[in-house]
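Right, one structure below, let's go through it.
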Protein chains: 2
Amino acid sequence: MTTLEEALREAAEAVDTALDSLVPLTNGENGRLYEAMRYSLFAGGKRLRPFLVLSGADLFDVPRAWSVNTAAAIEMVHTYSLVHDDLPAMDDDDLRRGKPTCHVAFDEATAILVGDSLLTLAFEAVTAPSGHPDAGVRAALACALARAAGADGMAGGQAIDLAAETRELGLDEIVRLQQLKTGALFGFSCEAGAILAREDGAARVALRDYAARIGLAFQIADDLLDHEGSEADLGKAVGKDAAAGKATFVGLLGAEEARRRAGALADDAIAALGRFDDRAEPLRAVARYIVERRH
Amino acid sequence: MTTLEEALREAAEAVDTALDSLVPLTNGENGRLYEAMRYSLFAGGKRLRPFLVLSGADLFDVPRAWSVNTAAAIEMVHTYSLVHDDLPAMDDDDLRRGKPTCHVAFDEATAILVGDSLLTLAFEAVTAPSGHPDAGVRAALACALARAAGADGMAGGQAIDLAAETRELGLDEIVRLQQLKTGALFGFSCEAGAILAREDGAARVALRDYAARIGLAFQIADDLLDHEGSEADLGKAVGKDAAAGKATFVGLLGAEEARRRAGALADDAIAALGRFDDRAEPLRAVARYIVERRH
């Protein structure tokens, strides 16, 4: 039986191969832009969202050749969001995964264009005829990805998060914020398998429920790591949200209750997968991993 | 017979109605983001690219209901590019169409998110099932739009343009730069009609040729306006590229030769439409307008 670690590594290799081909090294006039895109894409991310796409697609035996472009696309959207969030005008972070952030390693203008280009390329990746053979699936993937990433999804969540620096949020507000900021993209990652398989019924709803729970669990675990972790483990500044006066799950609930809730959410996420057979084991295992990870 | 002015106004009204519905006023938590998106979208643009989409679609009698979302999408992508290009880290412009730029009227973080959100929403607009009834057309629109806007199109052109500030470009290089920076989006705007009509043969090639010529003519006319125009006419700072030591068509060719070339390109663009009947009159008229406009 494949361990989660092996499954994560195998998915990361598949998505890295796709990313390497979608964002090639080039000697062209825009070579520096591509170099900066690759710098941020290949900065040691865990490829968790691509893993969710591929594992969700595996539930329905969708061929890997049809799902890998979507997995690469979600990683491009995730990376774009990190590059823009790190900008001086946003969170102003110099360090990400232990390396200088894109605008530090290159420059601010390049970092803006890296984000813009990765976001744009994600839509090319899901709609290119070389991906899924059904154009209806390709259009549906692009539409769902846009909804998850846009002003009523991730970008909207980031806007609310920035506004939150000027006032303290309550628990309901922080849950809602995280649903947009990180939950929406988790949702797309998990539902993509159903879209790729043209499953629009209960199976898709189950994946949506699973995604909502692991998305929130992921965020609580992040707050716990930020609270407990060391900068060396995380490769980024820690305690920053709390220091900035931003409400966090740990600040609102205390570490013990936050840990209990994250665990309960992982249980609920696994319960949401009850209708699936053994092919859902990687999704079950990753729900545990999300709340137990150390970085 | 409808004059070009009337046709431009009619197209602008159609696309503004679509934009108003795609980017509504909202009281939600992300209301300020939507407000800023609308601020930049409704800042008095000429809606030239939407006009090209709608006029191209009219060549094939594509129903307006199927083409207007694509027209709105191209305007969102164009607006996103202006908002990001105006940022302090990019061209650092305070004024656009006579009004404070987005990051001045709001703030820099909001302007970054406005651009990100408009770009994302453009892909939702072209792929939403409420648009064209053929999902294959929707996927093809998204794929072509992504290619035109991304690292091998508009965003790549902007990256090369920023790098050009450190060395002087020759005429061939500046043509190539403008093909990416402004030409690619003109190309999509003109080809969209053929995509919407599922025309993939000579008609599409003719539109592509037309687009390449008006795109370059547009840029030369822009340089001429920048050279001759007043800040009051243009609503933005003038003479800036030349002052920054950037090569311009006027600087390389002289104003007279630049004007002659722009006119010749408009003639060539009109010649490229030879296969089309009277339904191409708006496209023929706008080719003239592009080189004769005063703002």
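Only the coordinates and a few stated rules stand behind these numbers; no lab work does. All values reported here derive from a predicted model rather than from experimental measurement. As a convention, Cβ positions derive from the backbone with ideal geometry for all residues, glycine included, and neighbour counts pool all protein chains shown.
List of remarks:
- For A:L95, label point 7 Å along C-beta direction: distances to other copies, nm: 4.5
- Think of the protein assembly as shown as a dipole: +1 on every Lys or Arg Cβ, -1 on every Asp or Glu Cβ, centred on the Cα centre; then among A:S189, B:Q178, B:Y289, A:S189 lies furthest on the positive end.
- Every helix of 4 or more DSSP H residues in chain A counts as -39500 (n - 2.57), and over all residues that averages to -21500 deg cm²/dmol at 222 nm.
- Placing a label point 7 Å from the Cα of A:D172 along the Cα-to-Cβ direction, the distances to the matching points in the other copies come to 6.6 nm, shortest first.
- Label points for B:A65 are taken 7 Å from Cα along Cα→Cβ. From this copy to the others they lie 3.9 nm apart, shortest first.
- Extension gain, A:R294 back to A:L4 (0.36 nm per residue minus Cα-Cα distance, nm): 102.9 nm
- Summing Cβ point charges (Lys, Arg +1; Asp, Glu -1) relative to the Cα centre of the range A:1-113 gives a dipole of roughly 200 debye.
- Exposure proxy shown here: for A:D200, B:D85, the number of other Cβ atoms within 10 Å sets the order, fewest to most, as A:D200, B:D85.
- Placing +1 on each Lys and Arg Cβ and -1 on each Asp and Glu Cβ, with no other charges, gives the range A:78-227 a dipole about its Cα centre of roughly 700 debye.
- For the range B:79-91, 3J(HN,Hα) per residue [Karplus equation, 6.51 cos²θ - 1.76 cosθ + 1.60, θ = phi - 60°, Hz, x = Gly/Pro]: 5, 4, 5, 5, 4, 6, 5, 6, 4, x, 6, 9, 7
- Fewest-first ranking of A:L252, B:L283, using other Cβ atoms within 10 Å as the exposure measure: A:L252, B:L283
- Between B:A247, B:A184, B:A163, the GNM of chain B built on Cα springs shorter than 10 angstrom shows B:A163 fluctuating the most.
- Student exercise, chain B dipole from Lys, Arg, Asp, Glu Cβ charges, in Debye to nearest 20: 480
- Residue mean of other protein chain beta carbons inside 10 Å, A:105-116: 6
- Computed on the range B:4-292, with alpha-carbon pairs under 8 angstrom and 6+ residues apart, the relative contact order is 19 percent.
- Pairs from A:K99/A:K181; A:K181/B:K46; A:K99/A:K246; A:K46/B:K181; A:K181/B:K181; B:K99/B:K181 whose Cα-Cα separation, in the structure shown, is over 27 Å: A:K181/B:K46; A:K46/B:K181; A:K181/B:K181
- Per residue of A:134-141, other chain Cβ atoms within 10 Å of the residue Cβ number 6 on average.
- Available extension along the chain between A:E165 and A:A255 is 30.2 nm, counting 0.36 nm per residue and deducting the alpha carbon span.
- Residue among A:F42, A:F123, A:F186 with the largest mean-square fluctuation in a Gaussian network model of chain A, springs linking Cα atoms under 10 Å: A:F42
- Since only A:A57, A:H227, A:F106 are under comparison, the one whose Cα sits farthest along the positive direction of the charge dipole of chain A, derived from C-beta charges on Lys, Arg, Asp and Glu, is A:A57.
- Mean Cβ neighbour count within 10 Å, used as a protection proxy, ranking A:21-31, A:284-294, A:50-60 highest first: A:50-60, A:284-294, A:21-31
- Within 10 Å of each Cβ in A:34-42, the average number of Cβ atoms from other chains: 1
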